[in-house]
Each structure stands twice: as C-alpha cells, then as structure tokens.
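Chemist: Can you keep this structure in mind? I'll have questions shortly.
The values are calculated or read from the model by the stated rules, or taken from the named source; none is laboratory data. None of these values were measured; they are calculated from a predicted model. Ideal geometry is used to build each Cβ from the backbone, glycine not excepted, and the neighbour counts take in all protein chains shown.
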Amino acid sequence: MTRQSVDFAPAKLYSPLVQPLAFYSTNGSAPLVDLRQALLQGQAPDRGLYLPQKFPHLTAAELAGKPYPEIAFEVLRRFAVGILDDATLRTLCTDAYNFDVPLEKVYDRVQVMRLDRGPTASFKDFAARMMARLIGRFVRETGKTLTILTATSGDTGSAVASAFHNVPGIRVLVLFPIAEVSDRQRKQMTTLRDNIRTIAVDGKFDDCQALVKRAFADPALSALPLSSANSINIGRLLPQAVYYFHAAAQLGEPLVIAVPSGNFGDMMGAVFAREMGLQVRRLVVPVNGNDEFPRFLATGRYEKIEPSRNCLSNAMNVGHPSNLARLVAIYGGQMDETGKLHRVPDLFRMRRDLFSTTVSDDQTRATIKQAWAEHKLLLEPHGAVGWRGFLDYCAAEPLGDSPAVVLETAHPAKFPEEIERLLGFSPEVPASLTALDKLPEDFDRMPVDYGQFQKYLLSRYA
Ligand SMILES: *Cc1c(COP(=O)(O)O)cnc(C)c1O
C-alpha cells in the first residue's frame, strides 16, 4: 500500500555541512525525511503525518518591529536549514506575503487578528501561498510535473488553486461538495482554469476527503505523480506558525490564543509556535457542532462524527480532524489515520494547555450580533465561533491583564447573506472577490463513486 508520490533526485543541499531537520511519521513506520521530501509526499508512506523530530528555537522578542515577511523568513528558515538558502527563502516570503495582517483592538489587551487580506480572503492563503512557492521550487529541481490533489470544504480549494495557479510544473485537481460551498467559494476555484481543474462532488466534504485519501493509497494509481495540499501536508502547517509570532511580537506574552477549528491545521500552527518558544498562556480551540474534540478532551475517549454535521461555519464541518494525529503525537500519544488511538496522550497536559468548547449555530448567530452591538466588531461565522469560544474561556478562567488574540479566519464579505440578515447591512466586498462575479465557471461533476474517480485520474494524468 505504500507509494512515493515523486521520484526524488538525491536531496540537493546548498551546503553539505548543514544537516537538514528530520521529519518523522506519526504512524511510526516510515523512514525519516527532510523538508523537501515531506512537502512533496504530503502523507508519509505508512499513512502517518510528518512532524519535525525536534523543534527549532525562536522567541517573539527577537521579532519585535519586524515586518510580516521577515517574521515568516525567521520562522521558516529554521525548518529549511540545508534545504533552501536564505536569499531564496527570503524572496519567497516577500512574494507570498504581499498583503496586510492587521490586528484590531477590541478592548483592553484583547485583539482580533484578521487573516483575510490574501487573494481568496481566508487564512488558508497564508499556508497555500507559501507551500505553492516551496513545492514549485522543489518540483522544478526534479524536472517533473506534479498533480496536487485536494479536497475542500470551501476555503482550502480556492486558496490552494489560487496559490498554484500558473505555477510551472504543477497541476491542481480540487474536489468540493457541491451543496456545501458558497457561490463565491465555488467561483474562486472554478474560474481559474489553466492548470487548475475542479470536480463538484454530489456528497459531503468527508466524501471528498475519502476519495482523495483512497486515491493516495491506491496501488493502481501508484505511477501517477500525485501530492496532497490538504492540511495533512506539513507545508500547510509551518507557515501557520508565523502569524502567532507576529501577534505576540505586538501584543506581548504569555498570550491567550483563540482559533476557530475544523481540521486543526490552524491551531497546530500555534502548537508549533509554542514548541518553538512562543509563550502561550492557553490555546482556545472552539469548534462548531462537530464536537468530537471537546468530548475527547473531557472524557479521553475519541469518537469521530460520521457523517460530519452541517453547520453555519462550513469550513469547519469536520467529523474527524486530520491533524488530530499530530496533536496527539505532540502529547506523547499515537493515533492512526482512521482515528484509532494506539497510545493515549498525556490528557492532563492537554487539558492544562488547551481549552475547547462547542458553539452551536444559534450561538454563532447571536455572537455575530453581540460582537457588533458591543464592540463594532464585524465577524463572519468562523470568527464568531472563535470569539464565542474565547468568551467561554474568559468565563471559566478570568483573563486579567493577559494579552489575547482571537483569529478571524475569513472575510465577512464571503458570507453576505448571513451578515445582512443579522446586522442589516452587507459587508464591503474586497476587489479580489467582486472580480469573480463576471468570470465564467468551468467544473466537472461526479457522484461519490471511487471507481469513477479512479478512471478520471487515470484518463487525465497517466
Ligand atoms: C479551514 C477554515 C477553518 C478551520 O481551520 P482548520 O485548520 O481546518 O482547523 C476556519 N475558518 C475558515 C474560514 C476556514 O476556511
């Protein structure tokens, strides 16, 4: 069942004297790899997820006053030693992060960090743009063409497609659940064309993800150069450690961080930052009605939710977060790709570091209204889950004068109907989104049928 996505030339080191950082698989039976291999493979051959064997060290104090691309460079160069030279990496960071990362004061030392200023107006741009540049560079070195296969619940697909659009040597195929994405989310994927193809699946996000996972494990497809851009790719996580350092460099430490969570990729960025040296007082990870994680934290028993529940914050409709295996590994446990726990993590430490609650759709709507009425804080449903989770945390453990940052992960204009209904006005639409309305769409359609998907892949990419 093992497959290698790409045949690698032996790793080209820019300096033979520097030992690159090693990455291991959470399933524990794959060889160690370097950053280049981890990025190109996506998933480890034993179906585990890659994690750095050792976290490099960095403190927020060293980063005070630095612009965002420079903070990204300082974080990422520590993972890329021996793989990418500083000048190249710095160029990639400047090129990827050509937009603002604003912090908006709400009250006292509490701020909302808006991660919605990238080209597709969600936080997924941060990882996708960096990963596309890194993978594009590594693939060029091999002289091959790589097909990125990804399933999306809305925002990943558009961020990934936009990030890889017209990157030489790369083709992208995105699967999305036809009824679960908004018009704008769909148009962000289906209007790009060129090296980007999209399939609308008559099913749920979990069905899309299952089709993709099965393709990766399918021996009949082992000759196809496929790679993943889902949040299982370590290249999606490393850039997501950066904005926590950016926040701490401005707000101070120890920091309370609240991250609305679905697949747990975003919150893993904060865990990585903490493992590197960021001082985190508590990491708050609220979820929507897909509450398998807060239940696990409370009981120590893990049960995924199948099928996942359809909630307002649709990019978080995940019944089994793919990054949970990584979180469990960081806390000394082991979970395989099916969600089975082989070794229980240190729950005591997890409960001390993390706080999680479930936020219903009614609470999400009420929070959008309340945040606007009390603070003129404009939130969309994902950010509202984050804000509500933060308030739940403050009720359980008074904040005092701790600095806190709550993530807003999408632009409110991506959910105009909901906001109009609740607040009586439509959020201003950024130019990157209005341009879409006029572009023609192009996508294929498919039932949840692995046989058909396999044929599609073979006919197009073999
Ligand atoms: C993907 C997404 C999330 C959830 O992030 P995870 O890394 O999957 O936990 C939250 N908000 C928005 C807008 C998203 O697109």
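Chemist: Name the single residue, out of those in segment 262-289 being out of contact with any Ser or Thr (no Cβ under 8 Å at 6 or more places or on another chain) and farther than 17 Å from L238 by Cα, that is nearest to the ligand (Cβ to nearest atom).
Modeler: In this case the residue turns out to be L283.
Chemist: Conditions first: (1) within 30 Å of P45 (Cα to Cα); (2) at pLDDT below 95. G333 passes all but one, so which condition is the exception?
Modeler: Only one criterion in (1) within 30 Å of P45 (Cα to Cα); (2) at pLDDT below 95 is unmet by G333, namely (2).
Chemist: Let me ask something else. Of all residues being among the β-branched types (V, I, T) and closer than 19 Å to Q185 by Cβ in segment 121-159, which is nearest to the ligand (Cβ to nearest atom)? Just the residue, please.
Modeler: Step one: list which residues in segment 121-159 are among the β-branched types (V, I, T), which gives 135, 139, 142, 145, 147-148, 150, 152, 156.
Then keep just the ones that are closer than 19 Å to Q185 by Cβ; that gives 148, 150, 152, 156.
On the way: I148: 17, T150: 12, T152: 9, T156: 6 Å.
Ranking the candidates gives T156 first.
Chemist: Next question. What number goes with the only condition from (1) crowded, with 24+ Cβ neighbours inside 10 Å; (2) within 16 Å of the ligand (Cβ to nearest atom) that E292 does not pass?
Modeler: (1)
Chemist: Among the candidates R193, R117, single out the residue that is within 16 Å of the ligand (Cβ to nearest atom) and of a type in the set (K, R). Steps first, answer last, please.
Modeler: Working: R193 fails: within 16 Å of the ligand (Cβ to nearest atom).
Just a single option satisfies the conditions, and that option is R117.
Chemist: Criterion first (among the small types (G, A, S), in contact (Cβ under 8 Å) with a residue 24 or more places away in the chain and under 30 Å from R47 (Cβ atoms)) does G389 satisfy it? Steps first, please.
Modeler: Details: among the small types (G, A, S): yes; in contact (Cβ under 8 Å) with a residue 24 or more places away in the chain: yes; under 30 Å from R47 (Cβ atoms): no.
For G389, the condition - among the small types (G, A, S), in contact (Cβ under 8 Å) with a residue 24 or more places away in the chain and under 30 Å from R47 (Cβ atoms) - is not met.
Chemist: Could you list, in sequence order, all residues of segment 88-110 that are aliphatic (A, V, I, L, M) and either outside any strand (DSSP E or B) or over 23 Å from L379 (Cα atoms) (or both)?
Modeler: Step one: of segment 88-110, the residues aliphatic (A, V, I, L, M) are 89, 92, 96, 101, 103, 106, 110.
The answer is L89, L92, A96, V101.
Chemist: Of the conditions (1) within 16 Å of the ligand (Cβ to nearest atom); (2) surrounded by fewer than 24 Cβ atoms within 10 Å (Cβ to Cβ); (3) in a loop (DSSP other than H, G, I, E, B), S162 clears all except one; give me its number.
Modeler: Every listed condition holds for S162 apart from (3).
Chemist: Additional query: Show the residue pairs meeting these rules: Cβ distance below 7 Å; 6+ apart or different chains; first residue within segment 72-89 and small (G, A, S); second residue crowded, with 18+ Cβ neighbours inside 10 Å and assigned to a helix (DSSP H, G or I).
Modeler: A72/C93; A72/P239; A72/V242; A80/L35; A80/L89
Chemist: List every residue pair whose Cβ atoms lie under 6 Å apart, where the two residues are 6 or more positions apart in sequence or sit on different chains, the first residue falls within segment 160-174 and is in the same structural domain as A128 (by TED's automatic domain parsing), and the second residue, located anywhere, is hydroxyl-bearing (S, T, Y) and modelled with pLDDT under 95.
Modeler: Pairs found: V160/T150; S162/T120; G169/T145; R171/T147; V174/T150; V174/T152.
So that you can scan it fast, the table gives a plain yes or no per residue for (1) closer than 17 Å to P294 by Cα; (2) touching a strand residue (DSSP E or B) at 6+ places or on another chain (Cβ under 8 Å); (3) not hydrophobic (A, V, I, L, M, F, W, C):
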site: C311; (1), (2), (3): yes, no, no
site: N317; (1), (2), (3): yes, no, yes
site: H320; (1), (2), (3): yes, no, yes
site: A325; (1), (2), (3): yes, yes, no
site: A329; (1), (2), (3): no, yes, no
site: D336; (1), (2), (3): no, yes, yes
site: R343; (1), (2), (3): no, yes, yes
site: D346; (1), (2), (3): yes, no, yes
site: R351; (1), (2), (3): yes, no, yes
